[in-house]
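Below is one structure, written out as structure tokens; comments come after it.
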Ligand code: ATP
Ligand code: MG
């Protein structure tokens, strides 16, 4: 008895042809991030559960309801990483990088959150992130933001707006929390149980809740920007000035506190805001989120090291690029039809030689009628089609036909010698 299976809910197969868009984003990221001095790190999928509880924060959506946590066979509580900042910091401390003055890392891989699913919100999703450790200078914040900005530009995403805020330093927080509490307290009776809990345990998180009923109160809440200490305020001014110098536009968003506990000073998001509101991402418009986290390295047992970083949601970028029709095409340059019998080995040898020279050449291993092989070539959108027959074998020349495609070669049929075939194809 056979049995059919489907992928687990919220976890997607990434398949051709959309995989071309994924690979394009990944290629561009590796190239660009390397140029900006960021090196790749790959941390494990499973981490000690405590790492996320301690860093992301107990009263966040992620830790309170979204984590894939289980006990392994050795009786340890492990969690499938919901984000990569804490694991990167863990590795940074564990392997002695925290002893170096400046370290810049990037990561790219799957994250896991048990979420309610909608467009652009999955349970296994992919993040591309960049973290810079070791400097509190505004130029480090801005470099990190500029990297995200230039990446979005490089891949052709338009209509993203940089939203910017500062949460101040840990020492600025108590006064602000006091003001926030005073603002929300009179309305507590109307709160949901979850919101009451957030109020008690981590009041600032209320600004990040998605409960509709709270929206007006959040709107009128005191703004963290009015409670910045002198150092944090100066730092924020420097960040804004340098962004302006670099020509990166931004809007100040006083409610931007972000969904994780470790942020201090700068926080930012890039949000997709197309003109006319025709939004391929629905409510999942945030393509990137990040900020400064000056205390996290210390809190996780490392030395005093300020840091700043972002995480970009690749699933959402793929959705966007696909909706804009920006998928890169991968088509064979040449499709070589084969004859049955002895000649087939010669044809396969030619295909293999061309492939080892880096040329995308294809054939149909089933062989068969030439008409069917032409159909196969046309399904694959091959640019040229040739048959490897007796005559071609003897004369060591191929007759190549430009396939009937919009960008097909106007000089329809050409004779090319086998010795010069690779060069000829490379020149197309
Ligand atoms: P949201 O407020 O939308 O839940 P978040 O604050 O939880 O976002 P972050 O933890 O900051 O998101 O993650 C950074 C980015 O990763 C997001 O801006 C988004 O692009 C992407 N991302 C987060 N969660 C998901 C998900 N479940 N599915 C797809 N992409 C996601
Ligand atoms: Mg979330």
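Scanning region 64-89 for residues that are closer than 23 Å to residue 116 by Cα and without any contact (Cβ under 8 Å) to a residue 12 or more places away in the chain gives 64, 70.
The residue that is surrounded by the fewest Cβ atoms within 10 Å (Cβ to Cβ), counting only those in region 40-50 that are in contact with a strand residue (DSSP E or B) (Cβ under 8 Å, 6 or more places away or on another chain) and under 13 Å from residue 79 (Cβ atoms), is 50. Could you tell me whether residue 276 is under 18 Å from residue 161 (Cβ atoms), away from ligand 1 (no atom under 13 Å from the Cβ) and more than 24 Å from the chain's Cα centre (by Cα)? Criteria met by residue 276. Sub-7 Å Cβ pairs linking a first residue in region 283-295 that is touching a residue at least 12 places away in the same chain (Cβ under 8 Å) and at positive phi to a second residue that is assigned to a loop (DSSP other than H, G, I, E, B) and within 15 Å of ligand 2 (Cβ to nearest atom), at least 6 apart or interchain, are 291/258; 291/263, ordered by first then second residue. Every listed requirement among (1) touching a residue at least 40 places away in the same chain (Cβ under 8 Å); (2) away from ligand 1 (no atom under 16 Å from the Cβ); (3) under 29 Å from residue 327 (Cβ atoms); (4) within 16 Å of the chain's Cα centre (by Cα) is met by residue 105 save one, (3). What tally of residues in region 41-61 results from selecting those that are within 13 Å of ligand 1 (Cβ to nearest atom), within 21 Å of residue 94 (Cβ to Cβ) and outside any loop (DSSP other than H, G, I, E, B)? Here the count works out to 2. Please work out if residue 317 is buried (at least 18 other Cβ atoms within 10 Å of the Cβ), touching a helix residue (DSSP H, G or I) at 6+ places or on another chain (Cβ under 9 Å) and closer than 30 Å to residue 120 by Cα. When the stated conditions are applied, residue 317 passes them.
The condition of being assigned to a loop (DSSP other than H, G, I, E, B) and either more than 27 Å from residue 17 (Cβ to Cβ) or in contact (Cβ under 8 Å) with a residue 60 or more places away in the chain (or both) does not hold for residue 343.
Scanning region 361-382 for residues being outside any loop (DSSP other than H, G, I, E, B), surrounded by fewer than 14 Cβ atoms within 10 Å (Cβ to Cβ) and within 40 Å of the chain's Cα centre (by Cα) gives a total of 2.
Yes/no matrix, rows are residues, columns are (1) touching a strand residue (DSSP E or B) at 6+ places or on another chain (Cβ under 6 Å); (2) more than 16 Å from ligand 1 (Cβ to nearest atom):
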residue: 10; (1), (2): no, no
residue: 29; (1), (2): yes, no
residue: 38; (1), (2): yes, yes
residue: 63; (1), (2): no, no
residue: 68; (1), (2): yes, no
residue: 95; (1), (2): no, yes
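Among residues of region 170-213 being surrounded by fewer than 16 Cβ atoms within 10 Å (Cβ to Cβ) and within 16 Å of ligand 2 (Cβ to nearest atom), the one that is farthest from residue 225 (Cα to Cα) is 194.
None of the figures in this text is laboratory data; all of them are computed from the coordinates on show. Computed from a predicted model, the values in this text were never measured in an experiment. Every residue, glycine as well, gets a Cβ built from its backbone with ideal geometry; the counts of neighbours run over all protein chains shown.
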